[in-house]
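The values are calculated or read from the model by the stated rules, or taken from the named source; none is laboratory data. Note that the structure is predicted; figures quoted are calculated from it, not measured. So basically every Cβ, Gly included, is an ideal-geometry build from the backbone, and we count neighbours across all protein chains shown.
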Amino acid sequence: MKKLFVLLLMASPLFAQYGIRDPQAIPLHGTWMFAMDTRNVGAKKGWYGVANQSRNWDQVTVPHCFSSDPRYQFFTGTVWYKKLFPWQVQSGKRVILHFDAVYYASTIWLNDKKVGMHEGGYTPFSFDVTDFLKSGENVLAVSVNNDTWQEGSIPGSKDGDSPNDPFMGWMNYGGLVRPVYLTQEPEVYLRTIKVEAIPDLAKGTATIKVKAYVKNASAQTASPKLNINLGQNNRPVSVSWKLSNRSIKAGEEAVIEAEASLKTADVKLWNLDDPNLYQLKAAVARDTFQTKFGIRKVEVKGTQLLLNGQPLKVAGANRVLDYPGLGSLEPDWLIEKDFRLMKEAGMELQRLTHYTPSEKFYELADEYGMLIIAEAGNWQLTPHQMDNDTIRGKFKTQFTEMMERDWNHPSVIAYSVGNEYLSEQAAGQRWTKDMIAWAREIDPTRLYTFASMRLNILPKKPEDEASQYCDFVCTNTYGNHAKALDHIHSLYPDKPILISEWGSRTDVSGGEAAQAKHISDVTELIRKRPYVIGASWWTYNDYQSRYVGTAPNGYRPWGLVDLDRKPRPSYEVYRREMAPITLEKVRWQAGGQGNHTLIMKVAARTDFPSYTLSNYYLKTADQTIAIPTLQPGESAEVTIPVKGFDRSLKLEVWKPTGVPILSQIIPLTEKN
């Protein structure tokens with residue numbers, strides 16, 4: 001095991017850039033061999049083999065996006081990765097090989113033997129490789145094909161006759177784009193855990209339900225006992241668990257369930273501005289599994305979205321995985337940079353852009369408070385594709401992988417079963433109804449929706465379009481917003497509406513100024529329509545594309561920030577318009593010897609965005625002033641002592657999670 005420890009140390013600097021859920025993981029980051037397979041002959045010629053170690057292999061650093069590597073940029077086809085690593089076989093241990101994401105289709109070999117295959121570019125998968133490993137040097141090889149221009153992949157091309165149908169709306173960034181690592185498990189181990197936290201808002205209590213997915217990889221029947229420890233804010237929470245321990249046959253997986261009740265003193269709800277998290281540690285024999293979760297209730301009543309019984313309306317954005325020189329790679333520093341910029345601009349919601357990002361983003365959403373609508377690969381599938389059993393099967397696999405990774409994150413409030421398909425046609429209606437019903441069987445704790453572009457053609461009856469099956473309506477609307485929203489509301493008067501996409505490019509008439517004005521104009525329309533619960537701008541950032549209408553430089557400039565994350569003028573406008581709070585100078589009282597008083601009116605918006613504000617505060621250069629709790633529509637006067645003889649004061653509003661969301665320069669004179 002000494003060599004294995006050295007390997008871990010060598011990988012640790014890169015390991016720190018890409019978080020892995022399991023703290024005991026053995027990362028396979030770092031230097032790999034790499035080759036392009038332009039003739040698609042690698043498998044036939046045995047490139048995966050132990051003996052094939054020719055000098056013609058290049059070297060790359062994994063995680064790796066070959067589409068953004070200058071040596072292989074924009075190559076579409078099959079490539080090969082190969083890694084040599086030491087191992088010491090131990091009896092009574094199962095070794096699992098994990099891939100957090102590979103774009104798109106992959107085949108894995110270990111020591112000349114084919115381990116398995118996977119399809120799907122953004123979700124995790126794993127293989128038990130115990131029987132493939134040997135003591136000494138091991139050779140891991142992965143072939144990766146990113147050709148999602150072809151019909152049949154998800155996402156991928158359409159099957160129509162129109163020009164440019166083979167092109168999806170973003171780049172097919174290929175490679176081992178997220179961490180690759182090993183874990184060692186006992187022969188009976190916890191594959192994953194699902195936690196359902198159900199609060200009773202009237203009583204202040206909560207019920208915690210745990211489903212432990214236990215794999216028995218031994219040769220005999222096992223009867224494992226499940227033990228659970230619960231904590232909150234680094235303190236233990238004492239509960240009594242009702243367990244349903246059971247026997248598991250050799251080679252099979254079973255679910256062991258547990259349930260406990262939390263008394264009022266132990267319940268602290270998760271919400272946007274007070275995102276409380278619990279820690280759960282489950283153990284089966286010698287194996288443990290740790291996860292975090294939050295207690296919160298998300299529901300729809302009429303045209304309202306409620307979080308813990310309180311209505312809220314929030315702004316958001318769609319973030320595309322694209323960064324210069326990285327492609328779709330997501331080192332932790334980039335995720336944190338994006339998250340911070342989004343939160344500072346009042347983005348309390350992220351409707352995912354047709355695929356799931358790295359789990360680090362969900363962790364930050366949990367910790368800082370952000371609502372996420374998770375979406376898997378149906379991007380504009382055609383009616384024929386949506387009725388195809390193979391396509392349906394691929395979608396369900398990717399959707400399941402997404403759910404199983406993310407179902408304990410309290411930030412995930414809803415799942416979307418697709419984007420911009422022909423939802424008024426029979427195939428689109430079948431897809432929506434069937435996929436929502438199927439997904440609810442796996443995770444009934446979330447809301448369900450999809451993003452429709454067809455509501456803008458104004459169907460005459462609600463049964464003419466698939467949004468009838470959704471908990472709330474999502475519409476991608478890029479013009480005639482007032483007319484479209486009013487008609488959607490007339491179709492579905494008892495459903496909330498979320499504008500899942502709206503936006504303006506900077507390379508059209510008016511440029512950046514027009515983009516900024518568009519934000520203010522549409523926000524004014526939204527504020528007049530109380531049934532709109534959210535608006536998610538397309539897009540947070542610029543991104544590369546080969547889709548029709550892309551600018552000559554290869555980018556689509558929809559972003560509030562550019563490709564390097566430099567904020568545009570529209571970013572500041574969005575930040576101002578989407579702040580749930582307003583500041584108004586009431587009066588300025590000049591005093592002697594430079595001791596003055598500024599009185600500010602602080603108001604919580606009642607229209608959009610809107611939710612209860614608790615523990616917000618004002619900051620100047622040298623002081624912090626608390627803002628009273630404000631319900632939507634309420635206001636309060638706040639007194640700010642001012643010293644000196646400056647003619648203006650920079651005043652900032654901060655969220656209790658430590659994020660500034662509004663800045664304003666206040667003139668320090670008798671007049672405003």
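When you go through (1) at pLDDT 95 or above; (2) buried (at least 18 other Cβ atoms within 10 Å of the Cβ) one by one for Gln385, which number turns out not to apply?
(1)
Among Leu349, Leu364, which is the only one that is over 30 Å from Arg94 (Cβ atoms) and free of Cβ contacts under 8 Å to residues at least 60 places away in the same chain? It would help to see each step written out before you state the result.
Working: Leu349 fails: free of Cβ contacts under 8 Å to residues at least 60 places away in the same chain.
So the residue among Leu349, Leu364 that is over 30 Å from Arg94 (Cβ atoms) and free of Cβ contacts under 8 Å to residues at least 60 places away in the same chain is Leu364.
Would you check if there is a residue in segment 112-131 being outside the structural domain of Gln398 (by TED's automatic domain parsing), touching a His at 6+ places or on another chain (Cβ under 7 Å) and hydrophobic (A, V, I, L, M, F, W, C)?
Yes, the conditions are met somewhere in segment 112-131.
Would you mind stating whether Asn318 is closer than 23 Å to Ile519 by Cα, touching a Gly at 6+ places or on another chain (Cβ under 9 Å) and of a type in the set (S, T, N, Q)? Step through it out loud before you land on a result.
On the way: closer than 23 Å to Ile519 by Cα: yes; touching a Gly at 6+ places or on another chain (Cβ under 9 Å): yes; of a type in the set (S, T, N, Q): yes.
Answer is yes for this residue.
Can you tell me how many residues within segment 443-464 are part of a loop (DSSP other than H, G, I, E, B) and touching a helix residue (DSSP H, G or I) at 6+ places or on another chain (Cβ under 6 Å)? It would help to see each step written out before you state the result.
Filtering segment 443-464 down to residues part of a loop (DSSP other than H, G, I, E, B) leaves 443-446, 453, 458-461.
Restricting the remaining residues to those that are touching a helix residue (DSSP H, G or I) at 6+ places or on another chain (Cβ under 6 Å) gives 443, 458.
Count: 2.
Could you please let me know if Arg575 is more than 14 Å from Gly503 (Cβ to Cβ) and surrounded by 22 or more Cβ atoms within 10 Å (Cβ to Cβ)? Walk me through it before giving the result.
Details: more than 14 Å from Gly503 (Cβ to Cβ): yes; surrounded by 22 or more Cβ atoms within 10 Å (Cβ to Cβ): yes.
For Arg575, the condition - more than 14 Å from Gly503 (Cβ to Cβ) and surrounded by 22 or more Cβ atoms within 10 Å (Cβ to Cβ) - is met.
Any residue in segment 625-648 that is at positive phi sitting within a Cβ distance under 7 Å of a residue that is part of a strand (DSSP E or B) and surrounded by 12 or more Cβ atoms within 10 Å (Cβ to Cβ)? List the pairs, counting only those 6 or more apart or interchain.
Close Cβ pairs (under 7 Å, with a partner that is part of a strand (DSSP E or B) and surrounded by 12 or more Cβ atoms within 10 Å (Cβ to Cβ)) amount to Gly633/Ala604.
Across segment 379-409, what is the number of residues that are touching an Asp or Glu at 6+ places or on another chain (Cβ under 9 Å) and within 17 Å of Met117 (Cβ to Cβ)?
3
Could you grab the pairs with beta carbons closer than 7 Å, sequence gap of 6+ or different chains, first residue in segment 19-43 and at positive phi and in a loop (DSSP other than H, G, I, E, B), second one at pLDDT below 95 and surrounded by 14 or more Cβ atoms within 10 Å (Cβ to Cβ)?
Pairs that qualify, where the first residue is at positive phi and in a loop (DSSP other than H, G, I, E, B) and the partner is at pLDDT below 95 and surrounded by 14 or more Cβ atoms within 10 Å (Cβ to Cβ): there are none.
Where residues in segment 518-539 are assigned to a loop (DSSP other than H, G, I, E, B) and under 14 Å from Lys313 (Cα atoms), which of them is farthest from the chain's Cα centre (by Cα)? Reasoning before the result, please.
Start the filter on segment 518-539 by keeping residues that are assigned to a loop (DSSP other than H, G, I, E, B), which leaves 528-531, 539.
Subset that is under 14 Å from Lys313 (Cα atoms): 528-531.
On the way: Lys528: 30, Arg529: 28, Pro530: 27, Tyr531: 25 Å.
Among them, the one singled out is Lys528.
Among (1) farther than 25 Å from Tyr555 by Cα; (2) free of Cβ contacts under 8 Å to residues at least 60 places away in the same chain; (3) among the aliphatic types (A, V, I, L, M), where does Ile533 come up short?
(2)
Is there a residue in segment 361-368 that is under 14 Å from the mean Cα position of the chain (by Cα) and in a loop (DSSP other than H, G, I, E, B)?
So far as segment 361-368 goes, no, none of its residues is under 14 Å from the mean Cα position of the chain (by Cα) and in a loop (DSSP other than H, G, I, E, B).
Inside segment 271-287, can you point out the residues that are among the aliphatic types (A, V, I, L, M), part of a loop (DSSP other than H, G, I, E, B) and either under 19 Å from the mean Cα position of the chain (by Cα) or buried (at least 18 other Cβ atoms within 10 Å of the Cβ) (or both)?
Leu272, Leu277
Any residue in segment 180-197 that is farther than 23 Å from Ala25 by Cα and out of contact with any Lys or Arg (no Cβ under 7 Å at 6 or more places or on another chain)?
yes
Which ones in segment 130-167 are of a type in the set (A, V, I, L, M) and buried (at least 22 other Cβ atoms within 10 Å of the Cβ)?
Leu140, Ala141, Val142, Val144, Ile154
Going by what's in this entry, would Ser423 be described as polar (S, T, N, Q), closer than 19 Å to Pro124 by Cβ and modelled with pLDDT of 95 or more?
no
When the residues of segment 61-102 are filtered to those that are crowded, with 21+ Cβ neighbours inside 10 Å and of a type in the set (A, V, I, L, M), which remaining residue is nearest to the chain's Cα centre (by Cα)?
Among those that are crowded, with 21+ Cβ neighbours inside 10 Å and of a type in the set (A, V, I, L, M), it is Ala101.
Which members of segment 327-358 meet the condition of being surrounded by fewer than 17 Cβ atoms within 10 Å (Cβ to Cβ) and either aromatic (Phe, Trp, Tyr) or farther than 16 Å from Gly19 by Cβ (or both)?
Passing the criteria: Trp333, Arg340.
Yes/no matrix, rows are residues, columns are (1) in a loop (DSSP other than H, G, I, E, B); (2) of a type in the set (A, V, I, L, M); (3) over 23 Å from Lys114 (Cα atoms):
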{"residue": "Glu137", "(1), (2), (3)": "no, no, no"}
{"residue": "Asp147", "(1), (2), (3)": "yes, no, no"}
{"residue": "Ser153", "(1), (2), (3)": "yes, no, no"}
{"residue": "Gly160", "(1), (2), (3)": "yes, no, yes"}
{"residue": "Trp170", "(1), (2), (3)": "yes, no, yes"}
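Mind telling me which of the residues Lys268, Lys215, Lys203, Lys292 ends up being among the charged types (D, E, K, R), assigned to a strand (DSSP E or B) and over 23 Å from the mean Cα position of the chain (by Cα)?
Result of the check over Lys268, Lys215, Lys203, Lys292: Lys215.
Please find, within segment 612-648, the residue that is farthest from Gly592 (Cα to Cα) out of those that are among the hydrophobic types (A, V, I, L, M, F, W, C) and modelled with pLDDT of 95 or more.
Per the criteria, the residue is Leu613.
Taking segment 388-417 as the search range and keeping residues that are β-branched (Val, Ile, Thr) and in a helix (DSSP H, G or I), which one is surrounded by the fewest Cβ atoms within 10 Å (Cβ to Cβ)? Before you say what the answer is, go through the steps one by one.
Going through segment 388-417, the residues β-branched (Val, Ile, Thr) turn out to be 390-391, 397, 400, 412-413, 417.
This time we only want the ones that are in a helix (DSSP H, G or I), so: 390-391, 397, 400.
Details: Thr390: 9, Ile391: 23, Thr397: 17, Thr400: 16.
Residue satisfying both the conditions and the ranking: Thr390.
Under the condition of being closer than 17 Å to Gly591 by Cβ and not β-branched (Val, Ile, Thr), which residue from segment 632-647 is surrounded by the fewest Cβ atoms within 10 Å (Cβ to Cβ)?
Arg647
Taking interchain pairs and intrachain pairs at least six residues apart, which have beta carbon atoms under 7 angstrom, with the first residue in segment 212-227 and under 21 Å from Val95 (Cβ atoms) and the second among the basic types (Lys, Arg) and modelled with pLDDT under 95?
Partner pairs satisfying both residue conditions: none exist.
Of everything in segment 489-524, what is more than 26 Å from Thr550 (Cα to Cα), out of contact with any Asp or Glu (no Cβ under 6 Å at 6 or more places or on another chain) and crowded, with 19+ Cβ neighbours inside 10 Å? Give them in sequence order.
Passing the criteria: His489, Leu491, Tyr492, Lys495, Pro496, Ile497, Leu498.
Please indicate, with yes or no, whether at least one residue in segment 74-87 is among the aromatic types (Phe, Trp, Tyr) and more than 28 Å from Pro324 (Cα to Cα).
Yes.
Determine which single condition Pro656 fails, assuming it passes every other condition in (1) surrounded by 14 or more Cβ atoms within 10 Å (Cβ to Cβ); (2) in a strand (DSSP E or B); (3) of a type outside the set (A, V, I, L, M).
(2)
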